[in-house]
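Chemist: Pasting a structure below so you can have a look.
The values are calculated or read from the model by the stated rules, or taken from the named source; none is laboratory data. The shown structure was predicted, so the numbers you read here are calculated from the model rather than taken from an experiment. All Cβ positions, even for glycine, are placed from backbone atoms using ideal geometry, and neighbour counts span all protein chains on display. Just the protein is used for accessible areas: all its heavy atoms, side chains included, with ligands, DNA and RNA removed. Shrake-Rupley method; radii C 1.70, N 1.55, O 1.52, S 1.80 Å.
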Amino acid sequence: MLGCRPADTPIGEEKESPPTDKEMYQRLVGILIYLTHTRPDIGFSVSMVSRYMNEPKEAHMKAVNRILQYIKKSPEKGLHFKKDTSRKIEIFTDADWASSVTDRSGHCSFVWGNLVTWRSKKQSVVARSSAEAEFRSMAHGICEGMWLQRMLAELQVHTYH
């Protein structure tokens, strides 16, 4: 794909099409799944194409190629891990995930200034108020922070509280 045309977005339209090479499709999607660890911007697109691992069609392979084209156009995007003197865990939460209509809550966790976990999902219950929605989101974020602290303690890595 080094000689491919770059693309502005990682996913396009889905159409009915004939089957494609299953082995090649699975190999490429597997590589993309691995790449999502440092490229969360392709996470949604990769999750969409990974749904068709058993019976990929040409349209699905085109979607995989489009993700590869997007990666080619945006090599500077992604997570960059740095050494930081700040030894703290920070959690950020948002109950309406930047006013998204579909994904209503999320959080991200930073350890020593580096993004290490993130999550965005539909809330499992309907909140009676925006305050309740924020509280639920914060509760999930606090649980994530406590888990990170316990994990680092087990590894005998000390953080500042």
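Chemist: Report the number of Lys pairs in the chain whose alpha-carbons are under 19 Å apart, with separation of 8 or more residues or on distinct chains.
Modeler: 6
Chemist: With all protein chains present and a 1.4 Å probe, how do Ile142, Ile33, Ile91, Ile67 order by accessible area, largest first?
Modeler: Ile142, Ile33, Ile91, Ile67
Chemist: Something else now. With the chain treated as a Gaussian network of Cα nodes joined by springs under 10 Å, which of Ala131, Ala63, Ala139 yields the largest mean-square fluctuation?
Modeler: In the Gaussian network model the winner is Ala131.
Chemist: Could you size up the charge dipole of the chain around its Cα centre, putting +1 on the beta carbon of Lys and Arg and -1 on that of Asp and Glu, and report it in debye to the nearest 20?
Modeler: Rounded to the nearest 20 debye, it is 260 debye.
Chemist: I'd like the accessible area for Ser74, computed on protein heavy atoms only with a 1.4 Å probe and all protein chains in place. Round to 10 Å², please.
Modeler: Answer for Ser74: close to 10 Å² accessible.
Chemist: Which one of Arg128, Arg87, Arg119 has the biggest mean-square fluctuation once the chain is modelled by GNM with Cα springs under 10 Å?
Modeler: Arg128
Chemist: How much solvent-accessible surface does Trp118 expose, in Å² to the nearest 10, with a 1.4 Å probe and all protein chains in place?
Modeler: Its accessible surface works out to 110 Å², give or take rounding.
Chemist: Choose one of Ile71, Pro18, Ile42: the residue whose Cα lies farthest towards the positive end of the charge dipole of the chain (beta-carbon charges +1 Lys, Arg; -1 Asp, Glu; about the Cα centre).
Modeler: Of the listed residues, the answer is Ile71.
Chemist: Running a GNM on the chain with Cα contacts under 10 Å, which residue among Val111, Val64, Val126 ends up with the highest mean-square fluctuation?
Modeler: Maximum fluctuation in the GNM of the chain, among the listed residues, is at Val126.
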